[in-house]
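Let me begin by presenting the structure, written as structure tokens, before commenting on it.
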Amino acid sequence: MRRLLFAALIFLAVGPVPGAVMRFPEEDTTQAASARPLVFPRGTTGSMRFVRGWHLVSPHSRFGGFSALARIGPGQFLLVGDNGYSTRLSLDSRGAVSSVQIRALPTIDGRPARKSMADTEAMFIDADSGKIWVALEIINQIWRLDAGLSRIESRRKLPEPHWPRNRGPEAMTRLVDGRTVVFSEDADDDPRGREALLYTGDPAAPGPAPIRFFYDSAGRGLVSDAAALPDGRILLVHRRLGFDPVFTTVIAIVDPADIKKGAVVRSRTIGRVPAPLAENYEGAAISVERGRIYLWLVADDNFNIWQRSLLLQFELVDLPPRKAPDSKKAAR
């Protein structure tokens, strides 16, 4: 019975259900949004110091479901939902929202995308060209889009073995050295961990096969997004489901130096999202401002009336140092 209850909780928490998706009973395409400040005291948990946060709302019927986040400039954000829609907006220090653009991502055949063809779960942006890479679950592909999000420039299927339709690419980021790492949500039920891939070239274009490795989350939950830190390490967002709270978000760091073919990679926890701010966080971005490192998180409301699209800002402080290379290995 307990397993059945937990399965029902997961179904309610991470997917729309009848009666829970009527937040937009009528179609509305108003290009507007607002940000309601969250009342929560500043404090530090581990290496995460809460700075501020907002509840994002919009009358637009396609606003929400955010599973990927990019900070594209001071106060400027790009959010992508797993419904195949993007939202660009500006948010000033007072929480005023402006320059809202909500639009569908391009599709393979130019027709409106079905959920099965538009389930976007991760994203990164090239700072120089503005081009955008997105990872799509269900069809298990990586696309490269133009800076205007109007055209698919290139796309590539994930390599064999096939990842499950609903447990495929969930987190993706470009490392500071130009490589790209992709973490599955729950692929390849392997005792070593969840399957992940490291691409040395463009993951959306023909090229060398990626390096396959495994990530052992050590009970932190499933990976929901990744972001590159300035020092080259990978920040991972983990989502774990329970009863009180429903969502627990654990943040950890992985050193890409540990990634080798077939290797099992482990991480180090640096903090958690405080329970009063608990939500289904699926998007993460890193920014550096005046020498300070900030983590931005956005929540996926699954278009359920009982969930919220929260945007949080944390300062990362006193991060653990990178481990020194093994002296014996370095001597070889």
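What follows is calculated from the coordinates using simple rules that are stated; it is not laboratory data. What you see is a predicted model; the values in this text were computed from it and never measured. Backbone-built Cβ (ideal geometry, glycine too); neighbour counts: all protein chains shown.
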Which of Tyr294, Tyr85 has the fewest Cβ neighbours within 10 Å, and the rest in rising order
Tyr294, Tyr85
Quotient of Cα Rg and 2.2 N^0.38 Å for the chain, N being how many residues it contains
0.95
Would you grab the residues whose amide H sits under 5 Å from the one on Thr45? Only those 5+ places off in sequence or on another chain, please, with H modelled 1.01 Å from N.
Phe50
Expected sort for Glu315, Glu170, Glu26 with the fewest Cβ neighbours (10 Å cutoff) up front is Glu26, Glu315, Glu170
Can you give the extra length, in nm with one decimal, that the chain gains between Arg103 and Lys260 once fully stretched, where that is 0.36 nm per residue apart less the Cα-Cα distance?
52.6 nm
Listed with the fewest Cβ neighbours within 10 Å leading, His60, His162 appear as His162, His60
Note, Arg88: beta-carbon cut-off 14 Å, +1 each Lys/Arg, -1 each Asp/Glu, net +3
So, counting K/R as plus one and D/E as minus one, what does the shell of residues with Cβ under 11 Å around Val317 add up to?
0
Separation in nanometres of the label points that stand 7 Å from Cα toward Cβ, at Ser150 and Ala96
3.0
